[in-house]
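The values are calculated or read from the model by the stated rules, or taken from the named source; none is laboratory data. This one's a predicted model, so the numbers in the text were calculated from it and none came from an experiment. Cβ sites come from the backbone with ideal geometry, for glycine too, and all protein chains shown count toward neighbours.
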Amino acid sequence: MKLLEVTDLQVHFPVERGWFRKPIEFVKAVDGVNLELAPGETLGLVGESGCGKSTLGRALVRLVNPTAGRIRFNGIDLLTLEGKALRQQRRKLQMIFQDPASALDPRLTIESIVGEALEIHQIVRGRKARRERIGQLLTDVGLHPDHRNRYPHEFSGGQRQRIGIARALAVEPRFIVCDEPVSALDVSVQAQVVNLLHDLQEQRGLAYLFIAHDLAVVEHFSHRIAVMYLGNIIETGSARSVTRLPRHPYTQALISAVPALDPLTRRTRIVLGGDVPSPIHPPKGCPFHPRCPLAESRCRYEPPVPREILPQHWVSCHLAK
């Protein structure tokens, strides 16, 4: 059984003008995404800045309300829920944000930050039980329980991200969106945080949507990878298959830009021409065709349908083989 199933998800933001703030256009940040995730699985999500990765992650945990589509979590359609029913399900879905400095309220102690969700969802009762629970959560992420009385500015960037992870774990979720959780950290600290997330996944059976720019980190950490371009998922497959045998021209260009660790390995750099089209007026047909070096006439008017090129490796491209 799939833990998460997303069907034709759309998130369109209105562009308003005039005295009456009338919407005249829409930014199509997410434009018909389909994906699925199994319990305990990590799906890496990669793509250029502005392609809709973070918006998709926020929509999955209902921090952003989708315009259309369906999000089924453990068999329940989240978009049909409101109020108490939604709050009960959202406990099982959490998010770790990119910038730990701005994600933590500087006016609150770590005990208040981590313990807030415990009170909202009534997970523990009594002050003593609450303090013990917070101390255990801090221990689980590699911090000392006595740190509960400190403030965020007293910690390093890596420690603040561990606090953010502890906050997400407080409500015992089953699925966590990791929105570039290591991009703001030093390289040595990145490895520590990634290893922590991996250990927590094995201990708790967590499922992750891991959003990142660093393809090397994504390949190492993810079971499968989805490549996003202009609000669309254009290629999905196992981490090894997508990184070693990319079939979409855009994925091939992304992979070619990754520095090779082996000095004997030579890669032909693929430089894409032109600019990313506006998400307000996305191209007809294939969204990548204005920059694709292989585009044919049908790419300009016929949207590609995902095809299984290799076992469990799907590509949305007319020309992929």
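List of remarks:
Residues checked against (1) part of a helix (DSSP H, G or I); (2) of a type outside the set (S, T, N, Q); (3) surrounded by 20 or more Cβ atoms within 10 Å (Cβ to Cβ):
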{"residue": "Thr139", "(1), (2), (3)": "yes, no, no"}
{"residue": "Gln161", "(1), (2), (3)": "yes, no, yes"}
{"residue": "Glu172", "(1), (2), (3)": "no, yes, no"}
{"residue": "Cys178", "(1), (2), (3)": "no, yes, yes"}
{"residue": "Ala191", "(1), (2), (3)": "yes, yes, no"}
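- Among the residues listed as Ile163, Ile211, the single one being touching a strand residue (DSSP E or B) at 6+ places or on another chain (Cβ under 7 Å) and in contact (Cβ under 8 Å) with a residue 60 or more places away in the chain: Ile211
- Of the residues making up the stretch 226-242, those that are out of contact with any Lys or Arg (no Cβ under 9 Å at 6 or more places or on another chain) and buried (at least 22 other Cβ atoms within 10 Å of the Cβ) are Ala226, Val227, Tyr229, Asn232, Ile233, Ile234.
- Against the list (1) assigned to a helix (DSSP H, G or I); (2) over 26 Å from Tyr229 (Cβ atoms); (3) of a type outside the set (Gly, Ala, Ser); (4) in contact (Cβ under 8 Å) with a residue 60 or more places away in the chain, the condition Gln94 fails is (1).
- Of the residues making up the stretch 256-271, those that are at pLDDT 75 or above and exposed (fewer than 10 other Cβ atoms within 10 Å of the Cβ) are Thr268, Arg269, Val271.
- When residues in the stretch 37-91 are screened for being more than 27 Å from Ala166 (Cβ to Cβ), touching a residue at least 60 places away in the same chain (Cβ under 8 Å) and in contact with a strand residue (DSSP E or B) (Cβ under 6 Å, 6 or more places away or on another chain), 7 of them pass.
- Tally of residues being surrounded by 14 or more Cβ atoms within 10 Å (Cβ to Cβ), in contact with a helix residue (DSSP H, G or I) (Cβ under 9 Å, 6 or more places away or on another chain) and among the basic types (Lys, Arg) across the stretch 81-106: 2
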